[in-house]
Structure formats: structure tokens, C-alpha cells
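The next block holds one structure in the form of C-alpha cells; read it before the comments.
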Amino acid sequence: PQRDWEYARHLRQYLGIASNVAFEDVTVVVSSLYPTVDNVNIHIDHMNDNVSGYTRTGALNLCFSLGEPISNIVHLQVRRRVLGGHDHWQEFLPTLFCTSFFLKVITNFRKVIREYMLPFMPALNSTFLSVKKYLQTWQHDIDRIFGGKTSRVPTPFDRSDFFLDDVLPFKSITIFNEIQDDFILTVIGPSRTLSLSLFIEPIYLLRKRLFLDQRLELCFAASFLSNPFWFDHVLRLLIKRDGDRQDNFQFGLHPFYDWVRATQETFSGQWQGGPHNRWSPCGGGKPIPEIFGAMQTASDEQRKVGRIRLEKVVSILYKHVSWINSLVGRGDNCVQDMPLDMVRRQMELTCKAIHDIVPCQFSLFRLSIFTTLIIGCGEVATGRHLRQLMFPIKNTASYEHLMNTSVGIMSTKRASELCQNVNAAMVANDGNTKIKPESHDLAMLYLSTYLNLPKYNRDEMECALCESIPGRNLSCCDWFRKGQRLFDIDNDGILLMKEYGRNSRWEPVEIYDKLCNCAYLNPYIVFIPRNKEIIQLAKGTGEAMRASSQILFEGRSTNTSAAIQQYTNNYANLSTVLPSKFEYRVANFYCDSPRTRRTKAPSRMKVLGDSVSAKDLQTEANSLDKFPVAKFLLDHVSWLLTPRVEHDCAEKESRVKELKIPPMYAACYHQEIISHCSRFGHASYFPGHRARQSFCSPGHFCSPNKTYFLYLSCYPH
């Protein structure tokens, strides 16, 4: 993208060519066809770029004749050959019988531009070879497992034919003492989501039994584990017990504690373990269960403190989920619309916020595992942005691979010394070619281009870099259990699931839950079902405001306009019942509470209403105090938004938690202009807009952490 911005876009503007054409150099050739012929000999274009994706050449050929018109059709053929990685040209020119000229416009990419813009490219050559070797190793292992079992074998970047079935060579593996099951172990694949399917499946099965924040707890717990064997075994056991009516077990408010208790009871007091670790086990001064008061010997005070810590951590992870959802619509051009520095900075802030609550070894690496799990469990909105959240993290294999792309290779200097028999020269792989962190995104982009992938996905490239680093522990593997479901994500960021069996198909996973469905967290969205009091108060508010002639509406108050706005509903255009156009007026209101008068001077306060610019409080807004029924409506809704909620904990004890909803000081009122259609009871659909009504001092904007409310009411005529 940077190369395109600096060079190609200027050529596009000059030649007036399409925006998706990225050529950065143009050559114009004018030659004679008759009476003399200027032949172009076969030659090598030394100045053309030879990096994958930048070897293309475009040509526009035109013939011009002078003199008598030619009745025959002139056909000019230009043949392009690729020999030894270079472009060769040979022209076959027609014989014309009048003075004729040939115009050729050649567009291509230049090596010198690449060397100037991307000086790290030579360092990637060894990385390309390492990644290619890793993918060949994975393919060889998959061919071994699926060979003879299916007509089509999965490939690293096309896993549509990947399946689990009894025909595959499962082997019995003991995960603890006499506990064993049948598994297939494969070379680690480039899809993190598919690799972690054994973690994902039990959490996915709980989506109808547990709320969002409870499932986030389990994803948080799984991110500390180095293999899924114990986690999968324990949760399947708890799910079975929870569904058994004759069993007294039920998941409590915090399933994290249920998981810890069952794990320690099953595995002799241990909370983590099992064979075939993918990465190092979680360390730290204190075990994770002890930090959150989940040990069997924990006191009541330790349990209380641990529970508070856990809820605070989950609230931060909840905001992390919200941040991911805010990226919907991005990711197609991630280098620009989702810069790697932005993603890294946000994830560092999340880890720091958790560390400020309690140091618990939850690093960027653990957060990346957590992010992969919530994507695989369907807890976030789908889209291309989900493919761009992974990046090389410091001290991980992918980061070290880019910081020394020639690791495992002998340097040129050392090889020269050995050839010259220099004293004290020893055989050693001392290569040290570094790609700086600020260039890691572009390096992965070029790796994707080298692999001829249709779209650049950071997660796959980061995984390929991690698994292809020379000296990688070959005992690390992917784990698949007999009978389990598979999860993966496609190029468009759509979560897919495949049931057990080779005749199953990948099906999109519906995002089951919304952010508002939480067991104990303060939801950002509060849903209040049909409420008689709200209906009556909304009706009274509407009647009082329609009867008033003192309301100041937005827009010109002339006789012709009367501050009336018009909204066209494109969806209603397709309907033969609903009208397609609606007329309405908008007014901004504020609540003149004692706290408002105490905090700021009214003359300096603004209201962000339906319009783009802020409105002056005293001259462009209305006081809600003039409408007592509207104040009752405000008080009633505020009361509904601050309930006292009781929860039954696993220990059969209950606690009371009050949702702290800040008072509201501003509102936006839409008044439909009653027409013939609306009098017959047709619903009105007003335009969508940002619900951002709030007080604001000049030059300041509302904090994104503030709580805003959107009221929807239906007024029966």
C-alpha cells in the first residue's frame, strides 16, 4: 500500500486508468512499420521487479496508417515469454502497404522502487524457503492421514476438505493415569482457529446455557493452558452433569470456579497438565486458581477477593470484545484501515489494564489465544477484521523469525572465511538479517504474495512464520479427538463449523448472543420489554409536546419550511402498504437538574443533538422541566435501568448487585408530521443516527466511556 501510494497512484491519475491497476512505471515506444520496419530484439528487462506479485507487465498496442485507407484488418500479436524469471519479448509484425506507425505503451513494476521502499526484501528470501518447507511438511503429514480415505485432500490454505471420521487413523492417548481417549495428532496447521477446535467445542456447546460473560471466563481460563486435553475432558463431564436432571450439579454464576474445582478433583489436585504441550505451561509466583480464590483450601475472604478480581478482569475482556466488534467493515486493506501498531497498542492496553487489577501472567501471547478462542466460539461479529488481529509478538517464534530471518543459515562472511581457510574459522549458522518491527506487517504481506494467496490474512502469515522458524520443536502438534466438531474461519472472516463425519459440510456459525446478555456484568445495552407504564407516559409526553407551541425545533421556522425534515425509507419503497416518505421535526431537550447547574455554567454548555454541530443550551434547546409528564417518563426509565439483581452462586449463597446508571441530562425528540397514512396506524421509521445526546463544553467532545440511551416508542393513533 505504501508503494502504491508513493508511485502507482500518480501514474493512474496521469494516464486515467482504473484504481485497481497498480503499475508504477510506463514506457512509450513509437516505431515504423512501413516502409521500414523497426524490429525489437529479444531482451531481458533487467530493471523490472522480480518479486512475486510484481513481475507482471501490461501493454497497449495501437497501429496508425497514413495515406490510402487499408481495407484489410490489421492484427498485431505480441508474445510474452518468461525464461529464468525474466520477461522476454518477441513481436510478430504484419506487412502493411502504406506508411504506418506502431505505438506501444508498456506498464510494469521497477526493482529500484522496491529496493528503495522495502530494503528488507532480500532478508525475506530465506524466510520464504523456510515457510515453503514448513507447508510441505504439513501437506506430507496430511497426505499420510487422509491418503486413501478421500478423493480430495486438504491443502494448507484450502481446508474445505478437512474432516474427522472413524476412517481416519485415530490412536488412543492417555491424558492422566487411566483416563484416555482416541485422538489424531497432526503437524500444526496455519489456521489457529482449526488448531484450537478442541478448546472451542465445549465452550460453543455452552452458548445456550451460559451468558456471554460466563463464557468469556472459560475462554480466559483456556488461554492459560498449554494443551486442551484436560479442559475438554472436564467441561464435557460438567456439561453432561448439568443436563442430567438426576444430578444436583448446575453451573454457578462463575463457571471458572466450577472448572477449577472439577479439574482438581479429577486430576489429583492439579489445575493444568496433560501430554503434547503446544507451548510452555503457565508459570508465575502463584497458580492461577490461587490468584482468583479458587483453591479448595481458600478462605471466605480469599474467595471474595478472587471473585471481585475475576469480575473486573472479565469486564476488561468484555470491552476487548466490544473493541473487536467496532472494527467491523475493516480488514480488506488492513495495512491502512487496521494498522498493526493500532492493534498492538490496543491489546497492550488491555493486558496492562488486567495487570493493574492482578498480575496473572496474562500477556499479549495469552490475549492472542483468548482472541482466537472468542472468534472460534462465535462471540464477536464476523468480518474481514477477524483475520487481521494476530501479529508477531515479542519473544514469540514469529517475532524472532523476522528479527533474524537467516537463523539456521551460515552468513556470507563465515562461508568466505571457511573457503579461504582462515584460521579459527568454525562451521556455524551465524546468519543475522533483521527486519525491524515497524516493517513486520509489510514483510507478512509480501510473504502472502509469495505464496500466491488471494487475500492477505495476518493470522495465517503469523502462524506460518511461527511454525517455520528453523529449530522449531517438532513435537508440538494439533490435537483432534474422535467425535468432535471442527471450527475454522474463511477468507471473509465467517466462522464455520463442521460436524463429525466425512460427509458433513462446513456451515456458517450464527452469532448466538448479543453483548447485552450477561450474567453479572453491567451491560452496555439494556433491553426492557413491553412496559405499560412506559407506553402511558410516552403517550402523555407525545400529547403534551404536540399541544405545546413553545417548542424550539431545529431548522428554519418559516411558513414554507416550518422546520420540517423529510426521510425516505428505501425499504418501504418495496412495500405496497408502508409509505416511503415521512416528514418530521426534531427538537433538543435538556434536564435542568441541580447537578447540572452546579457543574457548569449554562451559558457555556452545549447539547449534541440530531445535527452535526453542538447546540447552545439557552438559545437552541428546550427545557424538559416544562413538561412534567416527560420528567415522569425520565424518572421511570431511570428507575427501570437501576434494578437490584439477585444471583444464585454455586455455593447456594446469593448476593445483591446494583447497576449504577448515571443520570441523563439531554434528549432528542422526533415529532412526526401526522399525515393521512399515519392516521391509519402505519408505523414510522425515522432515520438512523448516532445516539450521542449529551452536554458538552465548547471545544470538547463526549467521552466514549459515557452511557447513552436510545428510546423507541410506538404511539397508537
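In region 210-241, the residue that is modelled with the lowest pLDDT out of those that are within 24 Å of Asn517 (Cβ to Cβ) and acidic (Asp, Glu) is Asp213. Filtering region 146-165 to residues that are farther than 19 Å from Thr193 by Cβ and either open to solvent by 50 Å² or more (accessible area, probe 1.4 Å) or in a helix (DSSP H, G or I) (or both) leaves Phe146, Gly148, Lys149, Ser151, Arg152.
Filter region 376-385 for residues that are open to solvent by less than 10 Å² (accessible area, probe 1.4 Å) and either part of a helix (DSSP H, G or I) or aromatic (Phe, Trp, Tyr) (or both) and give the result. Residues satisfying the conditions are Gly376, His385. Scanning region 166-201 for residues that are among the β-branched types (Val, Ile, Thr), closer than 21 Å to Arg236 by Cβ and either over 30 Å from the mean Cα position of the chain (by Cα) or in a loop (DSSP other than H, G, I, E, B) (or both) gives Ile173, Thr174, Ile175, Ile179. Being over 17 Å from Phe370 (Cα atoms), open to solvent by less than 40 Å² (accessible area, probe 1.4 Å) and touching a helix residue (DSSP H, G or I) at 6+ places or on another chain (Cβ under 8 Å) is a property that Gly293 has. Give the residue that is surrounded by the most Cβ atoms within 10 Å (Cβ to Cβ), with candidates limited to residues of region 18-45 that are out of contact with any helix residue (DSSP H, G or I) (no Cβ under 8 Å at 6 or more places or on another chain) and within 14 Å of Asn108 (Cβ to Cβ). It comes out as Asp45.
Remark: pairs (first residue in region 469-482, under 13 Å from Lys133 (Cα atoms) and touching a residue at least 60 places away in the same chain (Cβ under 8 Å); second residue of a type in the set (S, T, N, Q) and buried (at least 16 other Cβ atoms within 10 Å of the Cβ); Cβ separation under 8 Å; 6+ apart in sequence or on different chains) = Ile469/Ser130; Ile469/Ser398; Pro470/Ser130.
All told, Tyr204 meets the bar of being part of a helix (DSSP H, G or I), closer than 30 Å to Ser268 by Cα and open to solvent by 10 Å² or more (accessible area, probe 1.4 Å).
Scanning region 413-457 for residues that are modelled with pLDDT under 75, open to solvent by 70 Å² or more (accessible area, probe 1.4 Å) and outside any loop (DSSP other than H, G, I, E, B) returns a single hit, Lys413.
Tally up the residues in region 611-628 that are assigned to a helix (DSSP H, G or I) and either modelled with pLDDT under 80 or open to solvent by 40 Å² or more (accessible area, probe 1.4 Å) (or both), please. Residues flagged as assigned to a helix (DSSP H, G or I) and either modelled with pLDDT under 80 or open to solvent by 40 Å² or more (accessible area, probe 1.4 Å) (or both) within region 611-628 amount to 7.
Look at region 1-25: where a residue is in contact (Cβ under 8 Å) with a residue 60 or more places away in the chain and a partner is part of a loop (DSSP other than H, G, I, E, B), sitting 6+ places away or on another chain with Cβ atoms under 7 Å, you get Pro1/Asn333; Tyr7/Glu24; Leu11/Phe23; Leu11/Glu24; Phe23/Phe109; Glu24/Phe109; Asp25/Phe109. Report whether or not Gly376 is at pLDDT 95 or above and either within 21 Å of the chain's Cα centre (by Cα) or under 19 Å from Leu445 (Cα atoms) (or both). Against the criterion (at pLDDT 95 or above and either within 21 Å of the chain's Cα centre (by Cα) or under 19 Å from Leu445 (Cα atoms) (or both)), Gly376 qualifies. Counting only strands (runs of 3 or more DSSP E) that sit completely within region 458-507, those holding 1 or more residues that are in contact with an Asp or Glu (Cβ under 6 Å, 6 or more places away or on another chain) and among the aliphatic types (A, V, I, L, M) correspond to 495-498. None of Asp258, Asp242 is without any contact (Cβ under 8 Å) to a residue 40 or more places away in the chain and open to solvent by less than 70 Å² (accessible area, probe 1.4 Å) except Asp242. Just for region 261-272: of the residues that are assigned to a helix (DSSP H, G or I) and out of contact with any Leu (no Cβ under 8 Å at 6 or more places or on another chain), which one is surrounded by the most Cβ atoms within 10 Å (Cβ to Cβ)? Applying the filter and picking the extreme gives Thr263.
The values are calculated or read from the model by the stated rules, or taken from the named source; none is laboratory data. Predicted, not measured: the structure shown is a model, and the values here were computed from it. Reconstructed Cβ throughout: ideal geometry from the backbone, glycine too, with neighbour counts over all protein chains shown. For accessibility, only protein heavy atoms count, side chains too; no ligands or nucleic acids. Shrake-Rupley method; radii C 1.70, N 1.55, O 1.52, S 1.80 Å.
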